[in-house]
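Participant: This is the structure, below, for whatever I ask next.
The values are calculated or read from the model by the stated rules, or taken from the named source; none is laboratory data. Everything numeric here is computed off the predicted structure, so don't read it as measured data. Neighbour counts are summed over all protein chains in view; Cβ atoms, including those assigned to glycine, are modelled from backbone coordinates with ideal geometry.
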Amino acid sequence: MVEASVNFHAPEIPMQVTEIVPAIGAAIEGVDLACMSDAHFAPIHDALMAHHVLFFRGWQLSKENLVAFARRWGEPQAATESSFGKLDGFAEIDVLDYDATRPPYVTQEMWHTDFTGREQPTMGSVLYALEVPEAGGDTIWVSLAAAYDALSERMKTYLAGLRAEHRTIKAFGDDIRSKLWQDEAGQKRFEQIKALAPVDHPVVRTHPVSGRKALFVNEGYTTRLLGLARKESDAVLSYLFDHLRTPEFQIRHHWRKGDLVVWDNRITQHYAVADYGMRRLMYRITLKGDRPV
Ligand SMILES: [Fe+2]
């Protein structure tokens with residue numbers, strides 16, 4: 001494994017894209033994340049559109065390099081808009097820092113697509129591993145396009161044109177995550193989240209670049225299907241959430257130090273497995289998105 005430093009320049013070997021699971025995920029090798037031309041970036045962008053999640057291994061990136069790489073994909077969202085730790089001088093970077101004494105309440109037991117409680121959920125995220133547990137702490141992603149494709153034609157017809165309500169309070173207001181809000185800053189943040197109005201998104205979203213259709217509901221944020229009776233909405237959502245957990249649509253990643261992962265939030269959901277006691281330290285940058293159509 002080649003360890004790259006800030007000034008490392010990739011050898012003149014062609015970029016390699018290795019599919020990991022047919023539905024989702026590819027490993028990228030033969031690129032220099034710290035020093036990348038437009039010509040180098042274009043095939044990486046194509047790879048993300050095709051595979052939804054990209055894995056780069058064995059990197060030593062400075063915070064500046066990480067931010068510059070994230071900016072290749074879009075405009076970072078200020079980390080102050082999230083509930084994670086912050087870094088002085090790097091407003092874009094969320095610090096995800098957990099261990100046995102600080103369990104990951106935010107993401108625990110929650111399949112979700114980031115920020116769908118907003119009118120414009122994020123386009124994607126860059127997640128970089130600085131310290132990882134030897135065992136556990138994996139992340140699982142699901143292809144919402146594979147999930148949509150596998151629906152019956154009758155179900156696709158049923159879902160066409162339906163919209164679903166998404167609420168941030170559903171993701172952050174349950175018994176587990178209420179432990180987040182105990183101090184004064186937490187209470188203030190929780191009041192802000194409670195005051196957020198629900199939004200609605202199409203149940204079937206069309207990806208703005210690839211044109212692929214995606215099943216855009218998630219257990220974390222989606223509360224109901226609009227225009228249906230409560231029982232029908234609950235039953236259909238329950239079926240769709242179960243369908244989205246199908247192993248064939250998933251990729252599970254065991255993190256190593258220096259791993260950098262980019263995912264397209266418009267066509268995936270994910271689950272952070274909270275099964276570790278050792279420290280797990282990650283930097284995350286989220287990218288501004290557009291309104292789902
Ligand atoms: Fe997330």
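Participant: Identify, please: which residue in region 52-84 is assigned to a strand (DSSP E or B) and within 17 Å of the chain's Cα centre (by Cα) and is, among those, farthest from Arg252 (Cα to Cα)?
Facilitator: Pro76
Participant: The conditions are (1) more than 16 Å from the ligand (Cβ to nearest atom); (2) of a type in the set (Gly, Ala, Ser); (3) in contact (Cβ under 8 Å) with a residue 24 or more places away in the chain; (4) touching a strand residue (DSSP E or B) at 6+ places or on another chain (Cβ under 8 Å), and Ser210 fails exactly one of them. Which is it?
Facilitator: In the conditions (1) more than 16 Å from the ligand (Cβ to nearest atom); (2) of a type in the set (Gly, Ala, Ser); (3) in contact (Cβ under 8 Å) with a residue 24 or more places away in the chain; (4) touching a strand residue (DSSP E or B) at 6+ places or on another chain (Cβ under 8 Å), Ser210 misses (4) alone.
Participant: I would also like to ask the following. Output the residues belonging to region 204-235 that are over 24 Å from the mean Cα position of the chain (by Cα) and buried (at least 19 other Cβ atoms within 10 Å of the Cβ).
Facilitator: Within region 204-235, just Ser233 meets the criteria.
Participant: Count, please, the residues in region 45-72 that happen to be of a type in the set (Asp, Glu) and more than 27 Å from Lys213 (Cβ to Cβ).
Facilitator: 1
Participant: Sticking with this structure for a sec: Suppose the filter is buried (at least 17 other Cβ atoms within 10 Å of the Cβ), at pLDDT below 95 and more than 20 Å from Trp263 (Cα to Cα); does Ala100 pass it?
Facilitator: No, not satisfied.
Participant: Look at region 95-114 and say how many of its residues are in contact with a helix residue (DSSP H, G or I) (Cβ under 8 Å, 6 or more places away or on another chain) and either among the basic types (Lys, Arg) or within 10 Å of the ligand (Cβ to nearest atom) (or both).
Facilitator: Of the residues in region 95-114, 5 are in contact with a helix residue (DSSP H, G or I) (Cβ under 8 Å, 6 or more places away or on another chain) and either among the basic types (Lys, Arg) or within 10 Å of the ligand (Cβ to nearest atom) (or both).
Participant: Now, a different point. Answer yes if at least one residue in region 139-154 is closer than 20 Å to Ile267 by Cα, assigned to a loop (DSSP other than H, G, I, E, B) and within 14 Å of the ligand (Cβ to nearest atom), and no otherwise.
Facilitator: Within region 139-154, not a single residue is closer than 20 Å to Ile267 by Cα, assigned to a loop (DSSP other than H, G, I, E, B) and within 14 Å of the ligand (Cβ to nearest atom).
Participant: Does any residue of region 81-88 turn out to be within 16 Å of the ligand (Cβ to nearest atom) and free of Cβ contacts under 8 Å to residues at least 40 places away in the same chain?
Facilitator: Yes: one or more hits.
Participant: From the set of residues in region 140-171 that are within 30 Å of Ala195 (Cβ to Cβ) and in contact (Cβ under 8 Å) with a residue 60 or more places away in the chain, which is farthest from the chain's Cα centre (by Cα)?
Facilitator: Here the answer is Leu162.
Participant: Where residues in region 262-275 are away from the ligand (no atom under 12 Å from the Cβ) and in a strand (DSSP E or B), which of them is surrounded by the fewest Cβ atoms within 10 Å (Cβ to Cβ)?
Facilitator: In this case the residue turns out to be Val262.
Participant: Counting only residues that are within 14 Å of the ligand (Cβ to nearest atom) and in a strand (DSSP E or B), which one in region 115-138 is nearest to Met282 (Cα to Cα)?
Facilitator: Going through the qualifying residues, I end up with Leu127.
Participant: Quick check, is Gly220 closer than 18 Å to Val199 by Cβ, more than 16 Å from the ligand (Cβ to nearest atom) and not in a helix (DSSP H, G or I)?
Facilitator: no
Participant: Still on this model: Condition check: in contact with a Lys or Arg (Cβ under 7 Å, 6 or more places away or on another chain) and at pLDDT below 95. Does Gln77 satisfy that?
Facilitator: yes
Participant: Let me ask something else about it. Give the residues of region 188-206 that are under 22 Å from Leu226 (Cβ atoms) and outside any strand (DSSP E or B), sorted by residue number.
Facilitator: Selection gives Ile193, Lys194, Ala195, Leu196, Ala197, Pro198, Val203.
Participant: Which numbered condition trips up Ala185, out of (1) on the phi < 0 side of the Ramachandran plot; (2) of a type in the set (Gly, Ala, Ser); (3) surrounded by 15 or more Cβ atoms within 10 Å (Cβ to Cβ)?
Facilitator: Unmet for Ala185, out of (1) on the phi < 0 side of the Ramachandran plot; (2) of a type in the set (Gly, Ala, Ser); (3) surrounded by 15 or more Cβ atoms within 10 Å (Cβ to Cβ): (3).
Participant: Moving on. Would you point out the residue of region 32-51, among those that are out of contact with any helix residue (DSSP H, G or I) (no Cβ under 6 Å at 6 or more places or on another chain) and in a loop (DSSP other than H, G, I, E, B), that is modelled with the highest pLDDT?
Facilitator: Checking each candidate, the answer is Asp32.
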